[in-house]
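S.K.: One structure is given below, represented as structure tokens, and several questions about it will come after.
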Amino acid sequence: MIFLQNKQFDMNKTIIAAAVAAVTFMSCSERTNPLLVESNLPYGAVEFDKIRSTDYMPAFEEGLRQLKANIDAIAACADAPTFQNTIEPLESCDRLFGNVGRIFYNLMETDADDIMHETEEKEIPMENEANSYVFMNETIFNRIKQLYDNKDNLGLTVEQMEVLKKYYRRFVTGGANLNEKDKARFVEIQNRLGELRIKYGNNNLDESNAYVLNVTDINRLKGLPQDQLEAAAARAKEKGLEGWAFNVQKPCWIPFLQFCQDRDLREQMYKAYYSRGNNNDQYDNKEIVKETLQLRLELANLLGYETFADFVLEDRMAKTPKAAYDLLMEIWKYALPQAKRERDEMQKIIDAEGGKFKLAAWDWWYYAEKLRKQKYDLDESQLTPYFSLDNVRKGSFMVAETLFGIKFQKVDNLPVYNPTVETWECLDADGSHLAYFYTDCFVRSTKRQGAWMTNFTDEYNYAGQSQRPTIVNVCNFSVPTDTLPSLLSIDDARTVFHEFGHALHGMLTQCHYPTVSGTATPNDFVEMCSQIMEHWAIDPSILKQYAFHYKTGEVIPDELIAKLQNAGHFNTGFETVELVGAALLDMEYHMLKDYSNFDDQKFEDEISAKLGMIPEIEYRYRGTFFSHIFTNDYCAGYYSYLWAEVLDCDAFQCFKEEGLLNPETGKRYRQNILEKGSSDDLMKLYRQFRGSDPKVESMLRNRGLIN
Ligand SMILES: [Zn+2]
């Protein structure tokens, strides 16, 4: 059972506002819909050359029909429930629906046409229908509950136990175990939370769009780079204003704070950004925050949890709010003193310049920029010639091949969905097939921004059926020309390794059930497998093996490597404090047991006092504009970024201790992490790899917070 679950990257589904004319899908008798029959290609690879955009909707319809028939059959089963007659058929009930969805939604992000947009609009309600058909089915829930209540006597494997627990939680957290009265309240709460989520997001968006700082005296804009001034002039013109206009969007706001010499203007911009949702006007979010938190607590209480954080953390690697909180505090202990040192260093610059004022929050970016130029300057244009896409990819393959005993072989005869897509076969040491790997690297007008990994086909191996996965990495790099290869920035090169880390997690998986296979792991775990690869990307000894000048073939010089490493430690106290601060704020919000006297501003002040937060730094997000936790699914989960970072640094440290390319360490990592998905307790798996619990030291060192 993987629908919805398998979408790794955020699916910002575009809802087409205008009514779309009904499209009639002609059923053509001579042609078979390729989505409805088994692929003729090896390992079930997708026959992209045969699929037409009109094939998706009939395939979704058939998929939904089959799903319902499969669910009806499980519910109609007269035998007492077993794992084999209940859970296994649930795992495959959406096979067609899921297969079509994986292909369709991948291509929606890269190559959608009008027919596909129309299809998407009709598919969204079908997906909701599929979900309710499964998760609102009381007979199915009763069968799962019987299994769950008797789970220790069923002789289940460790993986089967994890799968059963996941099904049970999915049903229970959807309200399946509540009495009628509570169920009604549960639905009411969820509907209201949905409304609040939309209102909160709209307030932020509308307020940000409404804000403008209009400057008509060019003398007040001294220091700003020419491109920023030009953009600001164009913005003013567009709004029918004189002079220059600035807004609180990051691409405008950050350079403004970095470069504008006028302190008063910096203060205005700073305050405009940090007071979003908190101006006691029509965009104010304080009451929405309070009501959301209250309702989340009520929901958690209904489900039997003491706090909302307890409810969320239960199925994460961290398991308890306390574990997440303790880790954050451990980082905080080192980050805060470092931020204070950075503050003092900047104060010295102010004093030396005869500033006669104390550094304020709105001065931070400005003086940090001066410090960066003095101590951490790095000219990116010197680096890019050493990072051609081909070389970077070779580097990432080399690391994986050496560590995990696998091989990547170019394949030229697989159909692709776009002529620029390349395909590879990932082979195990004995030559057996592990996965197909597609790379879709170049920017084009139909492609969404960013970079991601997903499956075209998933992996499973149960009830006499098995399939190996097909994985894709999508990026947005520059298109090579006749004279120039695709050259990457250092961030891009890290992105190649990062997404390739997700891809390895997908390709090397050896689970039985899709629910726990590959990257189907919690937020606080999944990014370890991608982020760890970034360490190899920028390690000096690995750089020497792949970063060659695209023209001369010369290896990247040591002094450039040294500059690159040094630049990574710039402003690290500030960045860690604002990030950990936001994660702590999120956790504090969701650990409360009573919100009746809750006042958002007072609450934030109390937390700041408790943490010893310095006034020169603000949380990266404050409650009234913290969209990760009030409009997205990162509530009580913002810590995940830091948790995963501790894991990736600690795991990489293990390679540093035993040899960066040591195949023995690679084997342990492959067997305990990459192959296991979430088929076992994640902390247990980590310990089996590392030999001990993850420690925070490597992450602190990596961020330059300790030596
Ligand atoms: Zn990632």
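The values are calculated or read from the model by the stated rules, or taken from the named source; none is laboratory data. Since the model is a prediction, treat every value here as computed from it, not as a measurement. Cβ coordinates were reconstructed from backbone atoms using ideal geometry, including for glycine residues, and neighbour counts include every protein chain displayed.
S.K.: Out of (1) under 28 Å from residue 442 (Cβ atoms); (2) among the basic types (Lys, Arg); (3) assigned to a helix (DSSP H, G or I), the odd one out for residue 50 is which?
M.R.: Going through (1) under 28 Å from residue 442 (Cβ atoms); (2) among the basic types (Lys, Arg); (3) assigned to a helix (DSSP H, G or I) one by one, residue 50 breaks only (3).
S.K.: How many of the residues making up region 146-155 are surrounded by 12 or more Cβ atoms within 10 Å (Cβ to Cβ) and over 32 Å from the mean Cα position of the chain (by Cα)?
M.R.: 4
S.K.: Among the residues of region 575-583, are any within 16 Å of the ligand (Cβ to nearest atom) and crowded, with 24+ Cβ neighbours inside 10 Å?
M.R.: Just the residues of region 575-583 that are within 16 Å of the ligand (Cβ to nearest atom), to begin with: none.
No - not one qualifying residue is present in region 575-583.
S.K.: Regarding region 404-421, can at least one residue be identified that is part of a strand (DSSP E or B), over 13 Å from residue 507 (Cβ atoms), touching a residue at least 24 places away in the same chain (Cβ under 8 Å) and not β-branched (Val, Ile, Thr)?
M.R.: Scanning region 404-421 turns up no residue that is part of a strand (DSSP E or B), over 13 Å from residue 507 (Cβ atoms), touching a residue at least 24 places away in the same chain (Cβ under 8 Å) and not β-branched (Val, Ile, Thr).
S.K.: With the requirement that a residue be over 23 Å from the mean Cα position of the chain (by Cα) and surrounded by fewer than 22 Cβ atoms within 10 Å (Cβ to Cβ), what does region 446-467 give you?
M.R.: 461, 462, 463, 464, 465, 466, 467
S.K.: For residue 363, state whether it is in contact with an Asp or Glu (Cβ under 9 Å, 6 or more places away or on another chain), of a type outside the set (Ser, Thr, Tyr) and either assigned to a helix (DSSP H, G or I) or crowded, with 21+ Cβ neighbours inside 10 Å (or both). If you could, list the steps in order and put the result at the bottom.
M.R.: Working: in contact with an Asp or Glu (Cβ under 9 Å, 6 or more places away or on another chain): yes; of a type outside the set (Ser, Thr, Tyr): yes; either assigned to a helix (DSSP H, G or I) or crowded, with 21+ Cβ neighbours inside 10 Å (or both): yes.
For residue 363, the condition - in contact with an Asp or Glu (Cβ under 9 Å, 6 or more places away or on another chain), of a type outside the set (Ser, Thr, Tyr) and either assigned to a helix (DSSP H, G or I) or crowded, with 21+ Cβ neighbours inside 10 Å (or both) - is met.
S.K.: I would also like to ask the following. Check 292, 320 and return the single one that is of a type in the set (Ser, Thr, Tyr), closer than 30 Å to residue 181 by Cα and surrounded by 17 or more Cβ atoms within 10 Å (Cβ to Cβ).
M.R.: The match here is 292.
Residues are listed down the side, and each one gets a yes or a no for (1) surrounded by fewer than 21 Cβ atoms within 10 Å (Cβ to Cβ); (2) among the polar types (S, T, N, Q):
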site	(1), (2)
593	yes, no
644	no, no
655	yes, no
665	yes, yes
668	yes, no
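S.K.: Filter region 675-685 for residues that are surrounded by fewer than 23 Cβ atoms within 10 Å (Cβ to Cβ) and under 21 Å from the mean Cα position of the chain (by Cα); which is nearest to residue 327 (Cα to Cα)?
M.R.: 683
S.K.: Also, quick follow-up: In region 484-531, which residues are hydrophobic (A, V, I, L, M, F, W, C), in contact with a Leu (Cβ under 8 Å, 6 or more places away or on another chain) and either within 16 Å of the ligand (Cβ to nearest atom) or in a helix (DSSP H, G or I) (or both)?
M.R.: Selection gives 490, 496, 504, 507, 525, 528, 529.
S.K.: While we're here: Within region 64-77, is even one residue on the phi < 0 side of the Ramachandran plot, part of a loop (DSSP other than H, G, I, E, B) and under 26 Å from the mean Cα position of the chain (by Cα)?
M.R.: No; the residues of region 64-77 include none that is on the phi < 0 side of the Ramachandran plot, part of a loop (DSSP other than H, G, I, E, B) and under 26 Å from the mean Cα position of the chain (by Cα).
S.K.: While we're here: Counting only residues that are in a loop (DSSP other than H, G, I, E, B) and free of Cβ contacts under 8 Å to residues at least 40 places away in the same chain, which one in region 445-478 is farthest from the ligand (Cβ to nearest atom)?
M.R.: 464
S.K.: Follow-up question, since we're still on this one. Can you tell me which residue among 123, 91, 61 is crowded, with 16+ Cβ neighbours inside 10 Å, modelled with pLDDT under 95 and not in a loop (DSSP other than H, G, I, E, B)?
M.R.: 123
Here is a yes/no grid of residues against (1) in contact with a strand residue (DSSP E or B) (Cβ under 6 Å, 6 or more places away or on another chain); (2) charged (D, E, K, R); (3) in a helix (DSSP H, G or I):
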residue	(1), (2), (3)
118	no, yes, yes
133	no, no, yes
139	no, no, yes
147	no, no, yes
156	no, no, no
181	no, yes, yes
192	no, yes, yes
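S.K.: Could you tell me which of the residues 213, 229, 224, 257 is in contact with a Pro (Cβ under 8 Å, 6 or more places away or on another chain) and at pLDDT 95 or above?
M.R.: Only one candidate passes the filter, namely 224.
S.K.: Would you call residue 539 more than 23 Å from residue 657 (Cβ to Cβ), away from the ligand (no atom under 16 Å from the Cβ) and not basic (Lys, Arg)?
M.R.: No; evaluated as a whole, the condition is false for this residue.
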